[in-house]
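Here is the structure we will look at, set down as structure tokens.
The values are calculated or read from the model by the stated rules, or taken from the named source; none is laboratory data. Because the structure is predicted, anything quoted here is derived from the model rather than measured. All Cβ positions, even for glycine, are placed from backbone atoms using ideal geometry, and neighbour counts span all protein chains on display. Side chains are part of the model used for accessible areas, which takes the heavy atoms of the whole protein and leaves out ligands, DNA and RNA. Shrake-Rupley method; radii C 1.70, N 1.55, O 1.52, S 1.80 Å.
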Amino acid sequence: MSRPGDPLRARTGAFVGLAFLLSALLAGCSAGGPSASPSPASDQPSAASPSPTPEVTASPTTSPDLASPSPSPRPFAIIAATSCNPSLVPYALPVPSSVPAVSSRFVLQVPVLMYHRIVPLSEAGDSLSGLVVPPATFDAQLSTLEAAGWHTITASALADDLEKGTKPAPKTFVITIDDGWSDGYTYALPILRDHGFVATYYVIAGRINWVNFLSVDQLNGLIAAGNEVGVHTMDHVGLAGLTDARLAYEIDGAAATIASATGRWPETLAYPFGDFDTRAEAAVQACTGLKMAFLEGDGTYETWPTRFAAPRVHVYPSTTAATLLSWVEHPWLPVFATPTPSAHPSTAPSVHPSSTPSTPSAPSTPSAPSTPPAHPSTAPTPHPSAASS
């Protein structure tokens, strides 16, 4: 038999169960709804903040690590150009155009030294010994020049001074290192930096990134350290007698290739073996941005009209530091001659070495080079090494 209160208890239990069910549903909706404070991290890409992409820039790294230079983000390619039009390498900095403000009578006498390899002879392979200056010898030479108060500028800075008619500070000289061997970075650069010096590296453009030659990253490390990278042709050939097409390849192509590697167009060139003629000189001058070119020859003499045939002096491994200092301080003497008491800067010629000095009497040591640098178009003089220069 049933009890009278049982139906009420059943209805009450049903209402309680329904209340619990509604509470659970409300709690679930609250947990799954949108939040007023979303998580800062989102799986959805933001249209306003795209992912960063590498940027191609023309500025080299500013703090090179000598052991491992920073990789360059620039594309690099050998460019067989037929002109030095900056549009060929659009990301490279062009050489600023300017109007020369210099008289043809303006003369500079800044010594320009020529080196090739700075490396122990045991590591020089089959390079000619006359081109290999051991690091200790190089360091001793620079130590002596620094102690005597000498300091360096690059060849492009010399060209700028010449263009503006500005005399650089006294005791200024230029160091050039030819061919683009990698020891110019591994051995020469630390020594240059120890003395606060800079150099102009004349690079064979077609050998960039070759084994034992400078890489793109090393070239940019040199520039970041204040050095200059210049043109030494594409294939390291003498320029005299070449066809117009080959001249364009060797000069313009090399300049464009260096611009591709460094992000800036070069400003100076060195003739391999000092070999050039009037057509080659004109082709160099026609390359937009090139302001000066160097060969080999005794003495120091730079003018704006002769800027594409400026002399340099070859420094040999046998050149002592004292002999080198003597010459840079008496540059009107024959190369590495020993000065005498009668040879004094007051007797130095202020005209081209091919002209007769206007001194009252000739000193016992010649006051000008015994013979002017021969123009290769009339009397080509081969480099001491027929293999590399």
What is the one condition in (1) part of a loop (DSSP other than H, G, I, E, B); (2) open to solvent by less than 70 Å² (accessible area, probe 1.4 Å); (3) farther than 25 Å from PRO272 by Cβ; (4) not aromatic (Phe, Trp, Tyr) that THR144 does not satisfy?
(1)
Please give the number of the condition THR262 fails out of (1) touching a strand residue (DSSP E or B) at 6+ places or on another chain (Cβ under 6 Å); (2) within 21 Å of ILE153 (Cα to Cα); (3) open to solvent by 10 Å² or more (accessible area, probe 1.4 Å).
(3)
Checking LEU333 against (1) part of a helix (DSSP H, G or I); (2) within 23 Å of ILE153 (Cβ to Cβ), the condition it does not meet
(1)
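Of all residues being of a type in the set (A, V, I, L, M) and assigned to a strand (DSSP E or B) in the range 99-124, which is farthest from LEU189 (Cα to Cα)? Just the residue, please.
Selected residue: LEU108.
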Pull up the range 173-195, narrow it to residues that are open to solvent by less than 10 Å² (accessible area, probe 1.4 Å) and hydrophobic (A, V, I, L, M, F, W, C), then point me to the one that is nearest to TYR115 (Cα to Cα).
ILE177
Failed condition for PRO376, given (1) at pLDDT below 80; (2) touching a helix residue (DSSP H, G or I) at 6+ places or on another chain (Cβ under 7 Å); (3) more than 30 Å from PRO86 (Cβ to Cβ)
(3)
Only one of (1) open to solvent by less than 40 Å² (accessible area, probe 1.4 Å); (2) in a loop (DSSP other than H, G, I, E, B); (3) at pLDDT 85 or above; (4) closer than 17 Å to VAL112 by Cα fails for LEU325. Which number is that?
(2)
When both residues are 6+ apart or on different chains and their Cβ atoms are under 6 Å apart, which pairs have a first residue that lies in the range 176-203 and is at positive phi, and a second that is among the small types (Gly, Ala, Ser) and modelled with pLDDT of 95 or more?
none
From the list VAL211, VAL203, VAL237, VAL198, exactly one residue is in contact with a Ser or Thr (Cβ under 8 Å, 6 or more places away or on another chain) and either open to solvent by 30 Å² or more (accessible area, probe 1.4 Å) or modelled with pLDDT of 95 or more (or both). Which is it?
VAL198
Against the definition (within 25 Å of the chain's Cα centre (by Cα), of a type outside the set (D, E, K, R) and either over 21 Å from TRP327 (Cα atoms) or open to solvent by 80 Å² or more (accessible area, probe 1.4 Å) (or both)), how does SER97 come out, yes or no?
yes
Name, by its number, the condition in (1) of a type in the set (A, V, I, L, M); (2) touching a Pro at 6+ places or on another chain (Cβ under 8 Å); (3) closer than 16 Å to VAL95 by Cβ; (4) surrounded by 23 or more Cβ atoms within 10 Å (Cβ to Cβ) that does not hold for ILE223.
(4)
Subset of the range 163-197 (residues that are small (Gly, Ala, Ser) and under 18 Å from ASP217 (Cα atoms))
GLY180, SER182, GLY184, ALA188
Please specify each residue of the range 288-316 satisfying the condition of being closer than 17 Å to ALA240 by Cβ and in contact with a helix residue (DSSP H, G or I) (Cβ under 6 Å, 6 or more places away or on another chain).
ALA293, LEU295, GLU296, PHE308
What do you reckon, is SER127 of a type outside the set (A, V, I, L, M), in a loop (DSSP other than H, G, I, E, B) and modelled with pLDDT of 95 or more?
yes
May I ask you to list the residues in the range 241-259 that are touching a helix residue (DSSP H, G or I) at 6+ places or on another chain (Cβ under 6 Å) and either open to solvent by 40 Å² or more (accessible area, probe 1.4 Å) or free of Cβ contacts under 8 Å to residues at least 12 places away in the same chain (or both)?
none
